[in-house]
Amino acid sequence: RAKRSSSVNVMLYDCSMDLDVQLQATLEQLLRQAIENDELTVYFQPQFDPHTGKIYGVESLARWHSPVLGVVSPAKFIPVAEDSGLIARLGEVVTRKSVREHVRWATMYPDQVLKLSINVSPGQLMRPNFAEDYIAIVLEEGGDPSNIILEITETAAITDLAYCERVLNKFIKVGFEIALDDFGTGYSSLSLLKQLPLKYVKIDRSFIMDIDTESSSSEIVRSIVMMCHSFGYCTLAEGVETHKQTELVKALGCNLIQGYVYSRPLPAAQLDDFLAQAYRENP
Ligand code: C2E
Ligand code: MG
Ligand code: MG
Ligand code: MG
């Protein structure tokens, strides 16, 4: 009996595997078309300096408005893009669109500095010639590398730290800055934090989420901030949703914040209005 039920389990398991594989293939096909049909857009989420009250920059976040599936979250389609190799094309599309808007804002507000953060997947970073190709794309769009921050995750660095470091240094040489995204999740190692040529560390939302209810989270954030500052890095708290959380991360010495409390990610046209108001209030 036990044997029979376990073989049934195996069958069910296999069926769902097939479904996953099919679903994956369908998603991949749709995403391929989406890139061709220009269904991808970019939203921008403001980042804020709570110590000066000024907007610091914006993070570009990919959005897919599919006529078949509706709005698909990047949490769903970025992994598909990674697994299928579509990430290189997707990354190029996102970068071109982000840089174009960034150039437009720089022209509208020549006296302001607004940083642009762009997410880079391990699958992009580890591709041969990535830095050369990417820098060429940014320059082609008229982008200013010294106001662009590349957000990387620990995953790429763990696979081959020395290689990753070499790639990042090519970017730094022409003015880009590097941020370590989602810090504290995954396999954060101190040697990584020390060895990578970073400028910013983004403290993962999971620590910020309960910073006002869990003393352990606030202690973790305090330690991360202290350690990062000792390396000379700037810290950013991700996913700040309330004023209380803002006050706490500010008191813990966090340099920058990003989260719904300040703004959700916005389409470029709405960011125009956001910037107009932010610069009017804090010139
Ligand atoms: P991420 O880079 O850590 O981006 C921050 C995510 O947190 C965004 O989710 C943003 O909408 C969300 N977020 C910001 N503030 C809050 C908040 O106060 N509360 C909550 N609950 N969430 C907040 P999103 O846009 O769904 O993106 C998810 C992830 O997908 C990103 O995480 C990033 O890893 C990846 N991603 C997005 N766009 C791109 C892209 O163009 N290229 C690559 N390679 N990855 C991307
Ligand atoms: Mg990011
Ligand atoms: Mg993040
Ligand atoms: Mg994240």
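Per-residue answers, yes or no, for (1) loosely packed, with under 15 Cβ neighbours inside 10 Å; (2) within 16 Å of ligand 3 (Cβ to nearest atom); (3) of a type in the set (Asp, Glu); (4) closer than 16 Å to PRO46 by Cβ:
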| position | (1), (2), (3), (4) |
| --- | --- |
| LYS194 | yes, no, no, no |
| GLU219 | yes, no, yes, no |
| GLY239 | no, yes, no, yes |
| LYS244 | yes, no, no, no |
| LEU266 | no, no, no, yes |
Test for LEU161: is it surrounded by 14 or more Cβ atoms within 10 Å (Cβ to Cβ) and over 17 Å from the mean Cα position of the chain (by Cα): yes
Scan of the stretch 173-200 for residues that are under 18 Å from the mean Cα position of the chain (by Cα) and closer than 17 Å to ILE118 by Cα, ordered by number: PHE176, GLU177, ILE178, ALA179, LEU180, ASP181, ASP182, PHE183, PRO197, LEU198, LYS199, TYR200
Qualifying position, being assigned to a loop (DSSP other than H, G, I, E, B) and either under 18 Å from ALA106 (Cβ atoms) or at pLDDT 95 or above (or both), among TYR262, TYR279: TYR262
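Of the residues that make up the stretch 115-130, is at least one over 15 Å from the mean Cα position of the chain (by Cα), part of a helix (DSSP H, G or I) and of a type in the set (D, E, K, R)?
Looking through the stretch 115-130, none of the residues is over 15 Å from the mean Cα position of the chain (by Cα), part of a helix (DSSP H, G or I) and of a type in the set (D, E, K, R).
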Strands (runs of 3 or more DSSP E) wholly inside the stretch 33-73 containing at least 2 residues that are more than 14 Å from ASN119 (Cβ to Cβ) and within 16 Å of ligand 4 (Cβ to nearest atom): none
Flag for THR155 being out of contact with any Pro (no Cβ under 6 Å at 6 or more places or on another chain) and not charged (D, E, K, R): no
Within the stretch 196-213, considering residues that are in contact (Cβ under 8 Å) with a residue 40 or more places away in the chain and either of a type in the set (Phe, Trp, Tyr) or touching a Phe, Trp or Tyr at 6+ places or on another chain (Cβ under 9 Å) (or both), the one farthest from ligand 3 (Cβ to nearest atom): LYS199
Any hit, the stretch 124-132, residues being modelled with pLDDT under 95, surrounded by 17 or more Cβ atoms within 10 Å (Cβ to Cβ), within 16 Å of ligand 2 (Cβ to nearest atom) and not charged (D, E, K, R): yes
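Could you pull out every one of the helices (runs of 4 or more DSSP H) wholly within the stretch 154-247 that has 3 or more residues that are at pLDDT below 90 and either of a type in the set (A, V, I, L, M, F, W, C) or within 21 Å of LEU125 (Cβ to Cβ) (or both)?
In the stretch 154-247, 154-159, 190-195 are the helices (runs of 4 or more DSSP H) which contain 3 or more residues that are at pLDDT below 90 and either of a type in the set (A, V, I, L, M, F, W, C) or within 21 Å of LEU125 (Cβ to Cβ) (or both).
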Number of positions in the stretch 170-191 that are surrounded by 14 or more Cβ atoms within 10 Å (Cβ to Cβ) and away from ligand 3 (no atom under 16 Å from the Cβ): 4
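The values are calculated or read from the model by the stated rules, or taken from the named source; none is laboratory data. None of the values given here were measured: they were computed from a predicted structure. With ideal geometry, Cβ positions are generated from the backbone for all residues, glycine too; neighbour counts draw on all protein chains shown.
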